[in-house]
Structures are given as C-alpha cells and as structure tokens.
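**Q** A single structure is presented below for examination.
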Amino acid sequence: MKKVCIIGAGVVGSSLAKKLSVSGYEIAVIDKNSAKIEDLTSTLDIMGIDCDATEVKCLDKVKDFELFIVVTDSDERNIAIAAILKSFFKKDKIIIRVSKNAFAAPPIKELLGVEPVNILTEVITKIIDTIRFPFARSVVRFEKGKLILLNYMVSSEDIFAGKEIKELQALRKLIPFTIAALERDGKVVVPDGDTIVYPDDSLFFVIKEEDVKVFQEHLLKNAEPVRLAFILGHSKFTVELLKRIADFEGLKIKLVEPDLQKCEEIAGEFPNIDVLHGEVTDVELLKSEGIDKAGLVIAITEDEENNVLSCILAKKLGAKRAAALIAHSEYENIIESIGIDTPIVPRKLLASRVYTTLSSKSLLDVFELRENIEILEIQVGSEWDGKQISEIKCKECPLVLALKRDNDIQVVGGDTVVKKGDILICIRQR
C-alpha cells in the first residue's frame with residue numbers, strides 16, 4: 001500500500017503528510033482551503049488538491065488511491081466523506097478522526113465499515129494513565145493495555161543507578177520487564193547489556209500491566225500517588241475526564257474556570273469536586289488553593305498557548321507534575337524542556353493507527369516512540385522456529401521486548417524460545 005490520500009490539511013493532516021511522504025508513500029492532500037494546500041505543496045513532494053471532499057467530483061480525482069485518512073475539523077463532515085468513499089468508490093481502507101464518543105461506537109463503525117479514531121477518548125486515556133502511573137513521564141499501551149511502555153527518570157536512590165543492564169537479570173526473573181530504550185542528554189538509544197544506567201537517565205520499561213504495581217512498590221523510589229489534581233480550564237476534554245475520575249478514591253480535584261456559567265454547570269454535575277471561579281493564571285488564587293501540593297496539573301483546553309502557559313506557571317508555583325494538550329507536535333521536546341512533564345499530542349495518537357494500517361505482513365504494528373526510535377511487531381517464520389531470543393539476529397528486530405503467542409503476551413528474556421507464528425514486539429533505532 002503506497003498511495004495515501006489525506007483529507008484535511010490542518011495540523012494533524014499536515015503532520016501526517018510530512019511524515020508519510022518522507023517515508024516514501026505517494027501522498028495526496030485534499031482541502032478546500034487553497035492557502036493550506038499551497039503551503040504544503042511548496043515544502044513537500046505531494047499532490048495538493050483544492051476542492052470540497054464532500055463532493056463526488058472532488059474525490060474522483062483520487063479514486064486510484066488505496067488508504068484514505070479523513071481528518072477535517074468536523075466529525076459530521078468526516079463521516080459524510082467516509083460514506084461517499086464507501087458507497088461511490090467502494091473503498092475499504094478508511095480512517096476517520098472523531099471527537100464524539102457516539103461516532104466511535106460499534107454501530108457507526110459497522111455501518112460505515114471504517115476505522116474511527118476517537119481523539120477525545122485517546123486524550124482522556126492518556127490523562128488517566130498519568131494519574132494511575134504518577135512515576136512515569138509517559139505511558140504507551142500495547143495490545144489493548146495488556147502491555148505497557150513506561151518512561152521513568154532514574155534517581156540516585158533507585159536500584160538501577162550505577163548498574164550495567166546485564167546486572168539486572170535477577171530482578172527481571174522476579175518481575176519480568178525489559179529496558180527498551182535509554183534517554184540521556186536529549187538522545188535516545190537502544191541499550192545493550194553493557195550499558196550503564198546513571199541518575200537522571202530516562203528509561204523506557206516494557207512490562208505487563210498486571211505487574212506494574214509490584215514493579216512500582218519494589219523497584220521505584222519516585223512513585224508517590226496523586227492525591228490532589230488541578231484542572232485548569234473547561235473544555236469537552238475536561239468534562240469527559242471528570243466523568244471518569246470524579247469518584248477516584250483518594251483523589252481530590254480542583255477545577256479553575258473563568259466563565260461563571262460554566263463553573264455553575266460543572267459544580268452542579270460534579271458535586272464532589274471543588275470548582276473555582278477565576279483565571280487559570282491567577283497566582284494568588286492558585287496559591288491560596290494549594291497549587292504547591294498538587295501532584296498533577298492538567299490543562300487540556302482547545303487553547304494550546306493557554307495550556308502551556310498555565311502549566312508552566314503551576315510548576316513554578318510548586319506543582320509536582322503537569323500535563324498539557326498541544327496541537328503542534330514539533331513543540332513537544334521544547335515543552336518537556338521547560339517543565340511540562342506530559343505533553344499530549346493528538347497527531348501522535350492518530351499516527352499510531354495510521355502506521356498500523358500501512359504496515360506489511362512482517363511489520364504488523366509500528367509507531368513512533370521518539371524521532372529516531374520505533375516499536376514494531378514482526379512475525380516469527382520457520383527460520384527462527386525453536387530458537388532462543390538470544391540466537392535471533394535481525395536488522396528489523398535488534399531488541400525483542402515481548403512475545404505474543406495465541407492470546408498470551410509475555411515479557412521475554414534471552415533464553416525465551418520462540419515458535420513459528422509467534423509475534424515479536426521489537427524496538428529499533430533508525
């Protein structure tokens with residue numbers, strides 16, 4: 001599958017076009033905004049089409065394309081475009097972005113025969129994982145949550161500090177985990193057994209979700225639970241988040257919102273949380289309400305600039321961690337460097353689904369961990385049948401993180417024996 005049509009030239013569509021064109025795919029981008037199309041075609045080797053994708057004559061121009069990624073700003077428009085692609089052009093590879101739960105429900109998916117990516121749900125899941133795993137700088141889920149990739153910054157008190165990775169074999173026997181990658185001084189590498197772990201290194205652990213609690217209790221020092229969370233600003237994301245976390249045991253929630261009417265609506269719907277009427281950057285208000293005791297500050301409004309500024313302020317006032325919704329993925333590394341611990345980038349949430357759809361039989365699932373690091377899945381062929389992990393030499397799979405066999409997933413060691421048909425979850429550096 002080499003021909004991909006992206007419908008919608010906003011931040012998400014533009015980012016995907018750039019990434020996929022660099023990867024060698026033939027890309028067409030459709031948008032009725034001619035200025036956006038001109039900007040893209042002036043910098044990328046892609047086909048830009050200025051037309052309305054809800055019209056059949058527009059889509060007829062890309063009728064020979066194989067995968068369609070529909071990412072306009074309107075759920076209803078995305079669904080309408082998908083329906084035209086299915087009914088008039090008989091296309092079966094369609095991914096649409098939606099932001100309403102109803103549009104991602106099984107009936108819609110089955111009716112249209114498309115793959116909906118619910119950005120609302122993906123963002124809320126990221127925030128909940130940040131609350132559940134407060135010691136992790138980021139959390140990535142595999143296989144419907146059965147396997148988790150945790151990013152953790154090492155302290156001098158941690159058992160990993162000062163040790164070579166091969167010295168951790170005894171710990172791995174007790175609690176199965178794999179160190180997938182190591183970040184130091186802004187560079188991410190795939191480590192080997194001789195790699196020494198130092199304080200302030202950022203480690204990427206792969207572990208089964210059922211083992212995380214024991215892993216946290218026995219091996220991590222920086223694992224204090226979130227007891228107080230501040231939500232800065234109202235949006236469709238914050239309302240959905242409150243529905244999920246308002247009754248979390250042991251979690252106190254305070255929401256700051258400048259719109260009095262919205263404050264009253266939230267207070268009426270969620271009586272268990274403290275609703276504070278005021279600006280999210282009101283220093284005196286934040287101080288008086290105990291922002292310095294907050295384990296997590298959350299800013300997930302549609303205003304990217306406000307999210308960033310309010311989180312930076314909260315961190316300066318003593319909040320332990322901050323999570324912000326950002327639209328521009330290129331800001332991610334900069335934002336992390338100025339104190340925002342968990343940047344949430346919708347483009348990345350959508351991109352992982354796109355890469356999965358584009359993957360070949362031997363590259364079953366792939367998504368971007370960092371700019372030069374990828375995690376992927378490879379199926380075991382007859383040439384590896386009966387071999388131990390340590391015996392497998394593969395350029396595409398230099399480090400095996402885990403293994404899937406039938407419905408079971410296990411974190412592997414060097415002595416794990418693989419069988420034909422197994423799926424190896426691997427990491428590689430490009």
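The values are calculated or read from the model by the stated rules, or taken from the named source; none is laboratory data. Small disclaimer: the values here were computed from a predicted structure and weren't measured. For neighbour counting, all protein chains shown are included, and Cβ atoms are generated from backbone atoms with ideal geometry for every residue, glycine included. Just the protein is used for accessible areas: all its heavy atoms, side chains included, with ligands, DNA and RNA removed. Shrake-Rupley method; radii C 1.70, N 1.55, O 1.52, S 1.80 Å.
**Q** Tell me which cysteines of the chain come out unpaired when the rule is another cysteine's Cβ under 4.7 Å.
**A** 5, 263, 311
**Q** Then there's this: Over all pairs of distinct alpha carbons, what does the Kirkwood formula give as the hydrodynamic radius of the range 1-57, in Å? Present the calculation step by step, with values, prior to reporting the outcome.
**A** Details: mean 1/r = 0.0901 Å⁻¹.
Hydrodynamic radius (Kirkwood, Cα pairs) of the range 1-57 is 11.1 Å.
**Q** Could you work out the relative contact order of the chain? I mean the mean sequence separation of Cα pairs under 8 Å and 6+ apart, divided by the number of residues, in percent.
**A** Values: 851 pairs, mean separation 44.3, N = 430.
Relative contact order of the chain: 10 percent.
**Q** How far apart, in nanometres, would the label points at residue 92 and residue 141 be if each is projected 7 angstrom from Cα along the Cα-to-Cβ direction?
**A** Once both label points are built, they end up 2.9 nm from each other.
**Q** Which pairs, out of 63/404; 36/63; 32/243, put more than 29 Å between their alpha-carbon atoms?
**A** On the way: 63/404 37 Å; 36/63 22 Å; 32/243 36 Å.
Among 63/404; 36/63; 32/243, the Cα-Cα distance tops 29 Å for 63/404; 32/243.
**Q** Can you work out the base-10 log of I(q)/I(0) for the range 12-121 at q = 0.12, 0.23 1/Å, using the Debye formula on its C-alpha atoms alone?
**A** The calculated log intensity ratios at q = 0.12, 0.23 Å⁻¹ are -0.40, -1.36.
**Q** How would you rank 193-200, 15-22, 59-66, highest first, on the average number of other Cβ atoms within 10 Å across their residues?
**A** Working: 193-200: 13.9, 15-22: 19.6, 59-66: 16.9.
Per-residue mean Cβ counts within 10 Å order the peptides as 15-22, 59-66, 193-200.
**Q** Rounded to the nearest 500 deg cm²/dmol, what is the calculated helix-only ellipticity per residue at 222 nm for the chain, with -39500 (n - 2.57) per DSSP H run of length n ≥ 4? Intermediate values should be presented prior to the final figure.
**A** Values: 14 runs with 134 residues, N = 430.
So the calculated ellipticity at 222 nm is -9000 deg cm²/dmol.
**Q** If you don't mind, there's one more thing I want to ask. How big is the range 145-245 on each of its three principal axes, counting only the C-alpha atoms and giving the largest first in Å?
**A** So the extents along the principal axes, rounded to whole Å, are 48, 30, 23.
**Q** Let me ask another. Past the 42 angstrom mark, what percentage of all C-alpha to C-alpha distances in the chain do you count? Working shown, then result.
**A** On the way: 17019 of 92235 pairs.
Across the chain, Cα pairs with separations above 42 Å total 18 percent.
**Q** Hey, another quick one. In the neighborhood of residue 42, defined by Cβ-to-Cβ distances under 15 Å, what is the net charge if each Lys or Arg adds +1 and each Asp or Glu adds -1?
**A** Working: positive: 18, 36; negative: 31, 38, 39, 45, 50.
Result for the neighbourhood of residue 42: -3.
**Q** Can you check what the net charge comes to around residue 4, using other residues whose Cβ is under 10 Å from the Cβ of residue 4 (Lys, Arg +1; Asp, Glu -1)?
**A** Once positives and negatives cancel, what remains is +1.
**Q** Viscosity 0.692 mPa s, temperature 37 °C: what is the translational diffusion coefficient of the range 92-131 from Stokes-Einstein with a Kirkwood Rh over Cα pairs, rounded to a whole number of µm²/s? Write down the numbers at each step before the final one.
**A** Numbers: Rh = 10.7 Å.
Stokes-Einstein gives a translational diffusion coefficient of 306 µm²/s.
**Q** Now a separate question. If you take every residue apart from residue 264 with its C-beta less than 14 Å away from the C-beta of residue 264, what net charge results, scoring Lys and Arg +1 and Asp and Glu -1? Show your work: numbers first, answer last.
**A** Numbers: positive: 262; negative: 257, 259, 265, 269, 274.
Value of the local net charge: -4.
**Q** What is the percent carbon and sulfur in the accessible area of the chain, measuring with a 1.4 Å probe over the protein chains and ignoring ligands? Before the final figure, lay out the partial values.
**A** On the way: 9770 of 19810 Å².
The C+S portion of the solvent-accessible surface of the chain is 49 percent.
**Q** Now for a different question. For the chain, modelled as a GNM with alpha-carbon contacts under 10 angstrom, which of 263, 58, 394 fluctuates the most?
**A** Among 263, 58, 394, the largest GNM mean-square fluctuation belongs to 394.
**Q** Hey, can you rank 127-136, 249-258, 36-45 by average C-beta count inside 10 Å, highest first?
**A** Order by mean packing, descending: 127-136, 249-258, 36-45.
**Q** Something else now. Over 25 Å between C-alpha atoms is what I'm after, so list which of 187/395; 3/126; 19/146 land there. Show your work: numbers first, answer last.
**A** On the way: 187/395 21 Å; 3/126 31 Å; 19/146 28 Å.
Table pairs above 25 Å Cα-Cα are 3/126; 19/146.
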